[in-house]
C-alpha cells in the first residue's frame, strides 16, 4: 500500500487499476520559505497566486530573487507546478530558466539546503516545502541547519492532504499484496488511536503539530466547515474521476471489500470480523543458537475503531 499526498496522481493510480480503498487520513499546509530580508517582498501575503506573480516579476530585475524547486515528480513538486500554473506560468518553462529558477532534482531536505546556501555562494532563494521537513532542517540540532524563514503559510492554496491507498489485489501484477493486513492498517490510521498519533507526531520536538487528523472534521467530532470544504475541493474525487468537492474520498468503482471504511462513525467497524493468519519467523539472538521457528498467529473477531 502507499501513503501519498498528490490527489491528481492518486486519481491516475486508481484509474490505472493499481489502487483501491483510498482513504484521506490527515492534512497540513505547505509553506513558502525564503531569505530573512525577503527581496521579493512577499512575506505575509495571503494570496499565493499574487505572491508568485510578484516574485516572478521581481526576479526579472533583481538578482537577489531566486527560486529553488525539487522538480522530482514528487507530490510536493506536483503541488508547486499547480501553484505556478494558477499564476499563469508554465512550470516546464520555468525549470528551463537557470538564471533565477533552479531545479535540484533532489528531495525536500537537499533542496532546502540549496536554497539556504545559494548557488556558488550566491543569494539565498525561495522554496516551497512541506512543514515537517522545513522544521527538521531549520532545527539547530541539524548537521547543517538552514536559515530560511517562513514567508507564507496556512493558506487554502497551500493545503496538503494525505491519503492511504491499498494496492489492488485484483491486479495480476499486484497479486502478492497483503490486502487484509493493509486494510487493518488503514482502519487503524483512521481510528481514535491512529488519529491521535497523527495529531501528536512531532509536537514534543517542534512544539507544534506537523499533521492534523482528518477524521474528526469529517465525522463531526471536531467539525470545521471551512477546512472540510477546502479538503473536499482539493482532494475529493467524483464519479467521473475528477477532483471535485461533490465527490468522495474514493469513488464506488474503486472500493473493494471496504467494509465500514467509509462510514462516519468511529465505532462503525466494531462488528467487523477479520480472520487474519500472519506467519512470521521467531528470531533469537545469535548467541543462543536456538533454531528459528515459524509461528502462526491467528486473530479472530478483531474490533477496529475507525471513521
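Where a number appears in this text, it was derived from the coordinates with a stated rule and is not lab data. The structure displayed is predicted, hence computed values, not measured ones. Cβ sites come from the backbone with ideal geometry, for glycine too, and all protein chains shown count toward neighbours.
Highest mean first, what order results for 90-101, 60-71 on Cβ atoms within 10 Å? Don't skip to the answer; put the middle values down first.
Details: 90-101: 13.9, 60-71: 19.2.
Going by the mean number of other Cβ atoms within 10 Å, highest first, we get 60-71, 90-101.
Cα axis of helix 225-235 to longest principal axis of the chain: angle in degrees, 0 to 90, nearest 10? Relative to the chain, helix 225-235 is tipped by roughly 90 degrees.
If R0 is 30 Å, what FRET efficiency do you get for residue 72 and residue 185 from their C-beta distance, rounded to 0.05?
On the way: r = 27 Å, r/R0 = 0.89.
Approximately 0.65, to the nearest 0.05.
What is the angle, in °, between the Cα long axis of helix 48-59 and the longest principal axis of the Cα atoms in the chain? Nearest 10 is fine, range 0 to 90. Around 40 degrees separate the two axes.
Subtracting the Cα-Cα distance of residue 106 and residue 225 from their residue separation scaled by 0.36 nm leaves 39.2 nm.
Output the direction-averaged projected area (hull surface divided by four) of the convex hull of the alpha-carbon atoms of the chain, in nm². Could the numbers behind the result be given before it?
On the way: hull surface 79.8 nm².
Seen from a random direction, the Cα hull of the chain projects 19.9 nm² on average.
Rounded to the nearest 10 degrees, the angle from helix 108-117 to the longest Cα principal axis of the chain is 20 degrees.
What number, rounded to the nearest 500 deg cm²/dmol, is the helix-based mean residue ellipticity at 222 nm of the chain, given -39500 (n - 2.57) per DSSP H run of at least four residues and division by all its residues?
On the way: 11 runs with 96 residues, N = 307.
About -8500 deg cm²/dmol.
For a paramagnetic label modelled at 7 Å from the Cα of residue 256 toward its Cβ, which residues of region 166-187 fall within the zone defined by backbone nitrogen distances under 13 Å? Within reach of a label on residue 256: 166-183. Note on region 1-117: the alpha carbon radius of gyration divided by the globular reference 2.2 N^0.38 Å gives 1.18.
Arrange 22, 255 by Cβ neighbour counts within 10 Å, fewest through most, would you? Let's see the in-between values first.
Working: 22 28, 255 16.
Least to most surrounded, the residues fall as 255, 22.
The relative contact order of region 1-134, computed from alpha carbon pairs under 8 Å that lie at least 6 residues apart in sequence, is 32 percent.
Each Cα pair under 8 Å and six or more residues apart adds its separation to the average, and for region 1-262 the resulting relative contact order is 29 percent.
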